[in-house]
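For reference, the structure discussed in these notes is given below.
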Amino acid sequence: MRAADLARTAWRNVRRARLRTTLTVLALVVGAFTLSLTTAVGAGVTDYVTRQVETLGAEDVLVVTAAAAEAGDGPALHDPTRSTATASGSSGLPGAGSADLLTDASIAQLEEVDGLRDVRPVRGVALDHVSTPTSERYVLTLSPTGAVARADLEAGRQLADAGVTDGIVLPADYVTPLGLGDATSALGETVTLTLTDLTGVQHAVDAVVVGVSRPGLLSSGAAVGADLLDELAALQDAGVGSPGRYVAATARLDGTAQDVDVVKQRVADLGLQGQTVEDQLGLITTVIAGITGVLDAFAMVALLAAGFGIVNTLLMSVQERTREIGLMKALGMAPRRIFALFTLEAGLIGLLGAALGVGLAVLVGSAVSGALAAGPLADLAGLTLLRFEPGGILGVLALIVVIALLAGTLPARRAARQDPITALRYE
C-alpha cells in the first residue's frame, strides 16, 4: 500500500466513528485553544515590554552608574568620593541616586576598559519649556540616554540609526498641543527648547523633529541628539564649566555577546555597575514567563487528557476492526504498514483538533485583543495583548500532533501484533 493510499485509508477510518472522533477532537481543541492563547499573551506582553525597555538604551549600549552602597546595620559612613551634588533634572536611571554620581576620574577609567568604546558621560539637562511660534509653552523632560536609546516610534527615525546629532524625538502627546498636526506632519518641523543657566539667564535653542515616540511604561521624556544635548548642557553651565559630576555614562560594547559578562565584571572592579537592555528586561521577562508557564501547564493538562482520549478511541477502533486487521494481514499487509496506518489515524485526529483549536484561538484572540486595545488598554499605545506569531502557531500545531502520534503508538502496536488466524475468527 502506497503512502497516498495509506493516508486516504486512515482518513476514512477516522471518519468512520464520527461521534467518538468528534469528542476526542473537541478535547484537543480545548487544549490547543488554551495553549495558543497563553502563547500569544506571552509573546504580546514580552514584545511590548521589550520595546519599552529598549527605550533605555540600544542593544550594544552599556549604561554605567555608580554602584549602589550596600545596606548595613545602621547608617553608612561618609565616603568623600561620593557627592550629594546632583546634576540638573531627573536621571531616571537605576543606581543614580543623589549620592551616586560619576566623576571625571570614573569616565577616564571607563575609557581604559577593554571592550568598551565611545564612552560618554550623561549630564542631566533641565528645560524650562518647549514651544513653537504658535503654541503655548509646555514643560518637557529630556531623557539622559536619549542619544543612544531606541524609541518606540510612531513616525520618523531613530536618533542612533540615522546618525542625527542635533534632532529631537518628541513624545506623541506633545504633537497636537504644539500645533504640529499629526505624528507624520510633525517630522521636519522646528521646536524651541528653553532653559535657564546657572546665572539665571534664559537661552532658547531650536531643534528639528526627526521622530515621534509613543507613550509607554518606561517613557522618560524627549530624546535629543548627542551634539544638541552637549550644547544644552554647556548653556546650562553658563561658561562655568562642567561640574565633573554625572548621573551616568554610556558606552558601546566592542566585542561578542559572550564577552559582555567579562566587560561588566571589569566595570564592577572599578566600583561601578553596568547594565544592558537584557539586564534591565530580565526581571520583567521572568515574571511574564512564570505567569504564562502556569497558564501553559493548564493547557498541557487538557492536552494530556485529550491524549488519553486518543488512546481510548483507537483501542476501541482496533477491537472493532479485529477481523479487518486479520484480513489485511492475511492478504499480505506487513505489520509495519498496519502500525503506520493506526499511527497516521492518531496524527490526523491530532492535526484536526490542533488546527481547529488554533484557528478558533486566532479568531477569538484577535477580536478580544482589538477590543482591549481600543478600550481598557487604550493608554498603552503599541500593546498587542494577544500576539499570534507564526513560530508560536506552528509550535503549538507540532506539539499537539506529536502528542497525538505518541498516544497512538500503543493501539497501533497492538493492531500490528494481531495474529491473522485469531483475528479472522474474532466475533
Add +1 for every Lys or Arg and -1 for every Asp or Glu among the other residues with Cβ under 13 Å from the Cβ of Gly392, and state the total.
-2
Quick one: compute a quarter of the convex hull surface over the Cα atoms of region 336-427 and quote it in nm².
8.3
Accessible area per residue for region 358-427 in Å², computed with a 1.4 Å probe and the full protein assembly in place, what is it?
58
With all protein chains present, region 290-403 has a carbon and sulfur share of its accessible area (1.4 Å probe) in percent of 75
For region 154-159, just list the computed ³J(HN,Hα) in residue order, Karplus coefficients 6.51, -1.76 and 1.60, θ = phi - 60°, integers in Hz, with x standing in for Gly and Pro.
8, 7, x, 9, 6, 4
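The values are calculated or read from the model by the stated rules, or taken from the named source; none is laboratory data. Remember, predicted model here, so these are calculated numbers, not experimental data. Methodologically, a virtual Cβ is constructed for each residue, glycine included, from the backbone with ideal geometry; neighbour enumeration extends over all protein chains shown. Note: areas computed on protein heavy atoms with side chains; ligands, DNA, RNA excluded. Shrake-Rupley method; radii C 1.70, N 1.55, O 1.52, S 1.80 Å.
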